[in-house]
C-alpha cells in the first residue's frame with residue numbers, strides 16, 4: 001500500500017479519536033480513544049520522520065471535532081509573470097499567503113498576507129481553485145489541508161520583504177524558482193497560468 005494512503009488512514013484515525021475524546025461520556029471510552037490517538041501519532045511519526053512528541057504537540061493544540069485546515073494563496077500577475085515570495089523558513093519560493101486566521105474571510109487573508117509578505121495592497125477579484133492537498137505532490141503532513149487560490153489585482157504599495165520573507169519577485173512560467181513544495185507545487189503554479197491564458201476558465205475544485 002502506498003505511504004500516502006497510510007498517511008490518510010492515520011490522519012482519519014486521529015480525527016475520529018479526537019472526536020471521540022470530545023464526546024466520550026465515560027473513562028472507558030476515553031481510554032480507548034486515547035489509545036487510538038497514540039497509534040495514529042506513531043504511524044504519522046514513522047511516515048513523516050518527525051519525532052512523536054512534536055506530532056503529539058501538534059494534535060494537542062487541536063481540540064474538539066477535527067476539520068481540515070485552510071491555506072489561502074494570492075495569485076497576482078504582471079506582464080505575464082506571477083508574483084512569488086521567498087520564504088525564510090526554507091529559503092524557497094511560494095505564492096503570498098498562509099493559514100486562514102479565525103475571524104478573517106479567505107479574501108481578507110489574501111489581502112493581509114500579501115501586504116505582510118510582499119508589501120502590496122491587493123483586491124481579490126476571482127476564485128481560481130480550491131484544492132485538497134492530498135491530491136498533489138506535497139511532502140507528507142499531519143494535517144488535512146484545503147488550499148484556496150484567489151486571483152488578486154494590485155491597488156497600491158511597493159514590493160518589499162516582510163518578517164517571514166527574504167525576497168519578492170515576479171517570475172514567468174518558463175523560469176520558476178525553487179518552490180517551497182510544502183506550500184505550492186509546479187503543477188499548481190502551472191494551473192494558475194492556465195487562468196492567465198484563458199480568462200473564461202472556470203474555477204477548479206478537487
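The values are calculated or read from the model by the stated rules, or taken from the named source; none is laboratory data. On a predicted model such as this, the values are computed, not experimentally measured, just so you know. Methodologically, a virtual Cβ is constructed for each residue, glycine included, from the backbone with ideal geometry; neighbour enumeration extends over all protein chains shown.
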Could you tell me which numbered condition residue 187 fails, if it satisfies all but one of (1) in a strand (DSSP E or B); (2) within 18 Å of residue 81 (Cα to Cα); (3) within 16 Å of the chain's Cα centre (by Cα)? (1)
Please verify whether segment 117-138 includes one or more residues that are part of a helix (DSSP H, G or I), closer than 16 Å to residue 87 by Cβ and in the same structural domain as residue 95 (by TED's automatic domain parsing). yes
When you check residue 109 against the structure, is it over 25 Å from residue 200 (Cβ atoms), touching a helix residue (DSSP H, G or I) at 6+ places or on another chain (Cβ under 8 Å) and crowded, with 18+ Cβ neighbours inside 10 Å, yes or no? no
Can you run down the residue pairs with Cβ atoms below 9 Å, 6 or more apart or on separate chains, where the first is in segment 1-19 and assigned by TED's automatic domain parsing to the domain that holds residue 50 and the partner is at pLDDT below 80 and surrounded by fewer than 15 Cβ atoms within 10 Å (Cβ to Cβ)? 9/1; 15/65; 18/63; 18/64; 18/65; 19/64; 19/65
Taking segment 162-184 as the region of interest, how many residues are under 23 Å from residue 107 (Cβ atoms) and over 20 Å from the mean Cα position of the chain (by Cα)? 1
What number of residues within segment 23-37 are in a helix (DSSP H, G or I) and either surrounded by 13 or more Cβ atoms within 10 Å (Cβ to Cβ) or assigned by TED's automatic domain parsing to the domain that holds residue 141 (or both)? 7
With the structure loaded, tell me whether residue 111 is over 18 Å from residue 140 (Cβ atoms), in a helix (DSSP H, G or I) and modelled with pLDDT of 95 or more or whether it fails that test. yes
